[in-house]
């Protein structure tokens, strides 16, 4: 007949209803098993299909009654209270446009650093090719249970290598200082010792914290910050944030930190070792560093703070 299964069910039930309403028909109510057989449908499916609207309506009324008491109840709590499956409750809420009242989360600006320094990259004096620039930024994403996770990374401008990556439940200065400490662990400081190094970031309070300033002084890094509200001052870091989110945090929904850690570490090492980069003439960051006689990062490990 060229009908979908749903359309066939609708036709069978319409036939059944019209037969009931026809007082001259004999018999007045045909068995559904015969109707199901005639239309090539399962008998149980035909029975369930016809009673679902009534069951849905009853469940909707139960949900509405509970929302009269507390309209912030979502499908999870409603399912427990009504002794129903969460799938059934969610489906009925979606069907009838029932939504729990939620407070819209206001964006909380993480705070501007008290110790703000100028953007050294705008000064021609610092454009010497021998100057090594390290960009850093912080990004955030949610786990499957809606918990926020914060990540901080350091990327080397000259080679586009990710040289440090840390993550935590909070957006504190320890994210930054942990990354700076990891540079010593990777023996990158020896490689950077013969050049002037600029550590560039935005004006987030984590980058102006006393602990971050002390860590930069210890490593002889000169701090630099983007102008307020000007993400284009930190283009390499901003570009990496977009790439990382697309490839890692938006590709999968992570149930826990272990799942995220494994996937992020796997992808970051793929990025450094194999992923071609346009600005490097389509070779990977490590291959470019090797060609220039610079330190390669054979494996990067993530730090949880």
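Taken as a whole, the condition of being at pLDDT 90 or above, surrounded by fewer than 20 Cβ atoms within 10 Å (Cβ to Cβ) and over 30 Å from residue 146 (Cβ atoms) does not apply to residue 277. For the stretch 148-161, a residue qualifies if it is farther than 10 Å from residue 285 by Cβ and in contact with a helix residue (DSSP H, G or I) (Cβ under 9 Å, 6 or more places away or on another chain), and the qualifying residues are 149, 150, 151, 152, 153, 154, 157. Condition first: crowded, with 16+ Cβ neighbours inside 10 Å and assigned to a helix (DSSP H, G or I). Now tell me which residues in the stretch 198-231 satisfy that. Scanning the stretch 198-231 gives 205, 206, 207, 212, 213, 215, 216, 219. From the residues in the stretch 82-112 that are touching a helix residue (DSSP H, G or I) at 6+ places or on another chain (Cβ under 7 Å) and modelled with pLDDT under 75, which one is farthest from residue 62 (Cα to Cα)? So the residue we want is 112.
Looking only at residues in the stretch 178-196 that are at pLDDT 85 or above and surrounded by fewer than 21 Cβ atoms within 10 Å (Cβ to Cβ), the one that is nearest to the chain's Cα centre (by Cα) is 178. Within the stretch 146-169, the set of residues being touching a residue at least 24 places away in the same chain (Cβ under 8 Å) and not in a strand (DSSP E or B) comprises 157, 158, 159, 160, 161. Within the stretch 251-265, the set of residues being out of contact with any helix residue (DSSP H, G or I) (no Cβ under 9 Å at 6 or more places or on another chain) and either free of Cβ contacts under 8 Å to residues at least 60 places away in the same chain or part of a helix (DSSP H, G or I) (or both) comprises 257, 258, 259, 261, 262, 265. The set of residues from the stretch 113-128 being outside any helix (DSSP H, G or I) and either modelled with pLDDT under 70 or under 23 Å from the mean Cα position of the chain (by Cα) (or both) comprises 113, 114, 127. Can you confirm whether residue 236 is in contact with a strand residue (DSSP E or B) (Cβ under 9 Å, 6 or more places away or on another chain), assigned to a helix (DSSP H, G or I), touching a residue at least 60 places away in the same chain (Cβ under 8 Å) and closer than 21 Å to residue 124 by Cα? So residue 236 passes the test. When the stretch 239-250 is filtered for residues that are exposed (fewer than 13 other Cβ atoms within 10 Å of the Cβ) and either touching a strand residue (DSSP E or B) at 6+ places or on another chain (Cβ under 6 Å) or not in a helix (DSSP H, G or I) (or both), only 250 remains. Taken together, the residues in the stretch 69-89 that are exposed (fewer than 15 other Cβ atoms within 10 Å of the Cβ), under 28 Å from the mean Cα position of the chain (by Cα) and either without any contact (Cβ under 8 Å) to a residue 12 or more places away in the chain or not assigned by TED's automatic domain parsing to the domain that holds residue 56 (or both) amount to 4.
The values are calculated or read from the model by the stated rules, or taken from the named source; none is laboratory data. Everything numeric here is computed off the predicted structure, so don't read it as measured data. Every residue, glycine as well, gets a Cβ built from its backbone with ideal geometry; the counts of neighbours run over all protein chains shown.
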